[in-house]
1. Can you name every one of the strands (runs of 3 or more DSSP E) wholly within the stretch 339-427 that holds 2 or more residues which are β-branched (V, I, T)?
2. Would you point out which residue out of P186, P178 is within 16 Å of the ligand (Cβ to nearest atom) and out of contact with any Gly (no Cβ under 7 Å at 6 or more places or on another chain)?
3. Could you check P236 against (1) out of contact with any Ser or Thr (no Cβ under 7 Å at 6 or more places or on another chain); (2) buried (at least 23 other Cβ atoms within 10 Å of the Cβ) and say which number it fails?
4. Taking E313, is it under 30 Å from G426 (Cβ atoms) and open to solvent by 50 Å² or more (accessible area, probe 1.4 Å)?
5. Sort out for me the helices (runs of 4 or more DSSP H) sitting completely within the stretch 128-216 that have 2 or more residues that are closer than 25 Å to K234 by Cβ and open to solvent by 20 Å² or more (accessible area, probe 1.4 Å).
6. Identify, please: which residue in the stretch 94-118 is open to solvent by 20 Å² or more (accessible area, probe 1.4 Å) and among the hydroxyl-bearing types (S, T, Y) and is, among those, nearest to the ligand (Cβ to nearest atom)?
7. Please verify whether the stretch 302-317 includes one or more residues that are under 23 Å from the mean Cα position of the chain (by Cα) and part of a loop (DSSP other than H, G, I, E, B).
8. Restricting to the stretch 217-231, and then to whatever is of a type in the set (G, A, S) and more than 19 Å from A277 (Cα to Cα), can you tell me which residue is most open to solvent (accessible area, probe 1.4 Å)?
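The values are calculated or read from the model by the stated rules, or taken from the named source; none is laboratory data. Note that the coordinates shown come from a computational prediction; the quantities given were computed from them, not determined experimentally. Reconstructed Cβ throughout: ideal geometry from the backbone, glycine too, with neighbour counts over all protein chains shown. The accessibility values were calculated without ligands, DNA or RNA, using every heavy atom of the protein model including side chains. Shrake-Rupley method; radii C 1.70, N 1.55, O 1.52, S 1.80 Å.
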Amino acid sequence: MSKFGINTNSIHAGYRPGNGEPRNIPIIQSTTFRYETSEAMGKLFDLEASGYFYTRLQNPTNDHVAAKICALEGGTAAMLTSSGQAANFYAVFNIASCGDHVVASSAIYGGTYNLFAVTMKRMGVEFTFVEPDCSDEELEAAFRPNTKAVFGETLANPALAVLDIERFAKAAHAHGVPLIVDNTFPTPVNCRPFEWGADIVTHSTTKYMDGHANAVGGAIVDSGKFDWNAHADKFPGLTTPDESYHGVTYTERFGLEGAYITKATAQLMRDFGAIPAPMNAYLLNVGLETLPLRMARHCENAQKVAEYLQSHEKVAWVTYPGLPGDKHHALAAKYMPHGTCGVVAFGVKGGRAAAEKFMAGLELASIATHVADAKTCVLHPASATHRQMNDEELRAAGVSPDLVRFSVGIESIEDILADIEKALAGV
Ligand SMILES: *Cc1c(COP(=O)(O)O)cnc(C)c1O
């Protein structure tokens, strides 16, 4: 399917019905699958034959949708997870466990920061956080002999910092480890990280991919390019026999294209079980069909909102990579030439209190712990998603206490601007 353009792939990739079969991806709402003999089923358990046996590991509806996301990113293998949190956890834990170390950008989603800095730390995985704009020396100094991956967000939520993907990929590869990037905000419509050297891409599909606030979900896509065998000593989980799966060596059996995702499915899905319901995968697929259309409108509307806010006397500052004066404008022009996302961050003069007053004055835009869907919504991260961080950590993540995260929807732009105008008049 990858010979087609992104608009075509958003609709058709991952599922091609045979003669007389359902035109839409069928919802296979079944926990289990029937086999003629125990022997046939045994082959599945040994990973000698591929097929479905239990929906905690794999389900056909999910796999069709994962295959579509794989095609959109230009990868070789992909899986869905029940949330973006599960996707980022699996993506890292698949290659870094107790005693290992990971270098991560500090400008990441608050939930991911907490997962890394608190929960995975408890599991024995150490993280060193570096600012996405750190010097080459600082980035270099973050690596340790037991470093197993580098992690960043292509467009950080909510700081809207653009990751210099090529620079981070080069540093990771010089140390024999892959670059994992969370590409939730730009989506593959606006940024294709594999083309810039990233090795693994993750998503919270809850955001633009689903696009309608219907279903929480996540995805992991492998580029198939990272050579685990060239650094076999660092990644024994992929390059030596897995005793919990009858001695299979993932890189030998599934090649560089399939080893990483097969291991994540066979071990992490089996043991942690963060599988999405087939119904949720179906809803995600409906969203994916219009993703390129919606992204274009989100970006068009957000650009106008950013420009409006920038010219308003009550607004202290605006961050949007689409603005020519923005700190990350040049990186955005390189990695996301057709637009970034619909999220604009800004501060109202008067700080935290003014921000709260502004938000209370909005009518069309809803105050919601959500972002990146068709409906305009707004959030004050310091009192919500990033609440667990102290002021110093907030600053490192690029989130000031007065930051308002305004997620521009796809409504009529005149109505969105009128809502902002009215709310600002009341501040
Ligand atoms: C929302 C989000 C997540 C977490 O995803 P959930 O689907 O809410 O679990 C991870 N990364 C980014 C960039 C996000 O915006």
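1. Values: elements: 343-348, 377-379, 403-407.
In the stretch 339-427, the matching strands (runs of 3 or more DSSP E) lie at 343-348.
2. None of the other options fit; the residue is P186.
3. Among (1) out of contact with any Ser or Thr (no Cβ under 7 Å at 6 or more places or on another chain); (2) buried (at least 23 other Cβ atoms within 10 Å of the Cβ), the lone unmet condition for P236 is (2).
4. yes
5. Output list reads 136-141, 165-174.
6. Residue satisfying both the conditions and the ranking: Y109.
7. No - not one qualifying residue is present in the stretch 302-317.
8. A230
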